[in-house]
Amino acid sequence: MKAKMSSTGCRSSFVLSILFAVVLAGLLIPSSTANRHVINFRSPGLYPEGLTWDPPGQHFIVGSLHSRTIHSVSDAGVVQTLISDPFLPENATILGLAIDSSNRRLLATIHSLPPLPPFSALAAYDLRSGGGRIFLAPLPSLPGDDEDIARDIANDVAVDYNGNAYVTNSAKNFIWKVDRDGVASIFSRSPLFNSQPVAAEADETFRDCGLNGIVYNSKGYLLVVQSNTGKMFKVDEETGTARLVLLNRDLIAADGMARRRRDGTVMVVSQKKLWFLKSQDSWSEGVIYDEVDLDVEGFPTAVTVAGQDRVYVLYGRVMEGITGSHKEGEAREWFGIEEVSSEKESGEDKIWVYVLIGLGFAYFCFWRFQMKRLITNMDKKTT
Ligand SMILES: *[C@@H]1O[C@H](CO)[C@@H](O)[C@H](O)[C@H]1NC(C)=O
């Protein structure tokens, strides 16, 4: 009788532990292709280029190609107008976006595309007071440069913990700095930015596009990528001195950039790919450890890290908006924000699952061994 009872107990605990392992595996295998988060949102004619995530607001933020507006997009795809700034030049484009968490501000680079008159500026909006504008800082050209011949292109922006913004100039290959009071200056014009060969694959869509995506690292430097050479630079926050980051491959047509704080992973997006990069030595050298093909039709331009360290790219179809290739009066209404995950990372996570399952079994065997001993002891006592 006793023996029978203990064997049923053992069998049911075995079943339980299997169940436990299955539940664990289910919980831990992360966002694979199957449950990747896709957000489609409707905003007629928006054609957004920039994307960021606002942690307190728990929503994405996107800018408009021509309507001088900035919008929030919830993870369910609900669009709200955060900022409408009619004092920006008519038809100006909102490009890079960044959240200044220390001051609860939204920073946006503003640029007028030809044939509009040249205009490059950084705007700061107060998120505490419903999006009122704090400043609009015009960005200075190089001394002696004629803006009417070759215009500056204020493209992407990163912000440090004191509220200083760093803006890339894609046309002239330098970086502006705008302090928290809106005072703008030319911050870094390292000769290195003009030292690298333009990639053979660079076609007319990005042959003239230099410095582009930029991220700030609290260890005192910025990382910036250059579209037409595929190079990455590490730029000292104090001096503006640049160094070339040694990579195992070039990031040809690199556009937006983001950094995941948890593990320091850097993501770089191009119209074709999202690259995942890591470094062991604070970016003297970096390694592209994964690349994911993106939907070229959607024209991805920006990447951001949202809640729970998930990586999202923006499909804003900007080129269609610029060339007006849609039918007259029929501007596109729907755009997308999609989660992208690295298979290599989920692979690593799966190994963790197996390790956990293994541990579960080991624990189970140990437990069964203990039970056997207990029962033997009890048998000894009763006899
Ligand atoms: C702005 O765009 C609208 C619509 O395309 C156009 O009618 C208008 O002339 C543009 N304004 C300027 C200043 O180019």
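Here, each number is a calculation from the coordinates, and none is a lab measurement. Quantities reported herein were computed from a predicted structural model and do not represent experimental measurements. Heads up, the Cβs are rebuilt from the backbone with ideal geometry, glycines too, and the neighbour counts pull from every protein chain shown.
Quick rundown of the values:
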quantity	calculated
Spatial separation of Cα centroids for region 54-87 and region 287-347, in angstrom	16 Å
Sequence-separation-based contact order of the chain, relative, with Cα cut under 8 Å and 6+ spacing, percent	15 percent
Rule-of-thumb Rg ratio for region 37-340 [Cα; 2.2 N^0.38 Å; N residues]	0.91
Convex hull of region 148-292 built on C-alpha atoms - directionally averaged projected area, nm²	8.8 nm²
Normalised contact order of region 88-184, rounded percent, pairs of Cα under 8 Å and 6 or more residues apart	24 percent
Relative intensity, log₁₀ I(q)/I(0), of region 82-204 from a Debye sum that treats every alpha carbon as a point, q = 0.11, 0.22 Å⁻¹	-0.39, -1.29
Footprinting exposure proxy for 157, 287 (fewest neighbouring C-beta atoms within 10 Å first)	287, 157
